[in-house]
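This report concerns only the one structure given below.
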Amino acid sequence: MRAADLEDLQRRSGYTLRLWTESEYENLLKDPLTVITQDAYGFAIGRLIDDEAELLMIAIVQERQGLGNGKQHLQLFEAIVTRKGAKFCFLEVSESNINARALYQAQNFKEIGRRKAYYQIHENNRMDAIIMRKSFEHPLNFK
């Protein structure tokens, strides 16, 4: 998939807080640390550095939202990064993005912090970013 295609899919997702540019996607696609899942209706994109993954975005076109596409991309992203050695995954999500937060919580991401007034909505209106983390390590140890 080309950077222009990713930009178009994000625009068609209805996400309005911050639209990424084609050049930003181009830089990510060139980066060997980037992990991406994609199909005609959306994508998940992030990075893997050592044993930590960072999910940067899931974008699904509006007409396919609510059908499980986001969950599929998230699960595929997790499968790829765990196969490559990730023990944790981090992400940030706007406190107003109720659907994404519900997806992440259902997939065992836990809130670990907030970035106060991180997203600028309008000139005098800002919103918190919620930082979430998921561990891929299994706590059972039968030594």
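The values are calculated or read from the model by the stated rules, or taken from the named source; none is laboratory data. No experiment lies behind these values; they were computed from the predicted model shown. Please note: Cβ atoms are built from the backbone with ideal geometry, for glycine as well, and neighbour counts cover all protein chains shown. In case anyone asks, the SASA skips ligands and DNA or RNA and just uses the protein heavy atoms, side chains included. Shrake-Rupley method; radii C 1.70, N 1.55, O 1.52, S 1.80 Å.
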> Just one of the numbered conditions (1) within 20 Å of residue 72 (Cα to Cα); (2) under 15 Å from the mean Cα position of the chain (by Cα) is not true of residue 18; which one?
Replying inline: (1)
> Got a sec? Which of 53, 100, 117 is in a strand (DSSP E or B), of a type outside the set (S, T, N, Q), open to solvent by less than 40 Å² (accessible area, probe 1.4 Å) and under 28 Å from residue 8 (Cα atoms)?
Replying inline: 53
>> Checking residue 79 against (1) of a type outside the set (Val, Ile, Thr); (2) open to solvent by 80 Å² or more (accessible area, probe 1.4 Å); (3) out of contact with any helix residue (DSSP H, G or I) (no Cβ under 8 Å at 6 or more places or on another chain); (4) modelled with pLDDT of 95 or more: exactly one of these is not met. Which one?
In response: (2)
>> When you check residue 42 against the structure, is it open to solvent by less than 50 Å² (accessible area, probe 1.4 Å), in contact with a helix residue (DSSP H, G or I) (Cβ under 6 Å, 6 or more places away or on another chain) and closer than 26 Å to residue 126 by Cβ, yes or no?
In response: no
> Can you tell me which residue in region 14-39 is most open to solvent (accessible area, probe 1.4 Å), limited to those that are of a type in the set (Val, Ile, Thr) and under 18 Å from residue 92 (Cα atoms)?
Replying inline: 16
>> Being more than 19 Å from residue 97 (Cβ to Cβ), part of a helix (DSSP H, G or I) and either β-branched (Val, Ile, Thr) or in contact with a helix residue (DSSP H, G or I) (Cβ under 7 Å, 6 or more places away or on another chain) (or both) is the requirement here; does residue 24 meet it?
In response: no
> Does region 112-143 hold any residues that are at pLDDT 90 or above, closer than 21 Å to residue 51 by Cβ and of a type in the set (D, E, K, R), and which are they?
Replying inline: 133, 134
> Is region 27-48 home to any residue that is over 11 Å from the mean Cα position of the chain (by Cα), in a loop (DSSP other than H, G, I, E, B), touching a residue at least 12 places away in the same chain (Cβ under 8 Å) and within 18 Å of residue 129 (Cα to Cα)?
Replying inline: no
>> Return the residues of region 56-69 that are without any contact (Cβ under 8 Å) to a residue 40 or more places away in the chain, within 17 Å of residue 7 (Cα to Cα) and either within 11 Å of the chain's Cα centre (by Cα) or buried (at least 17 other Cβ atoms within 10 Å of the Cβ) (or both); say none if nothing qualifies.
In response: 56
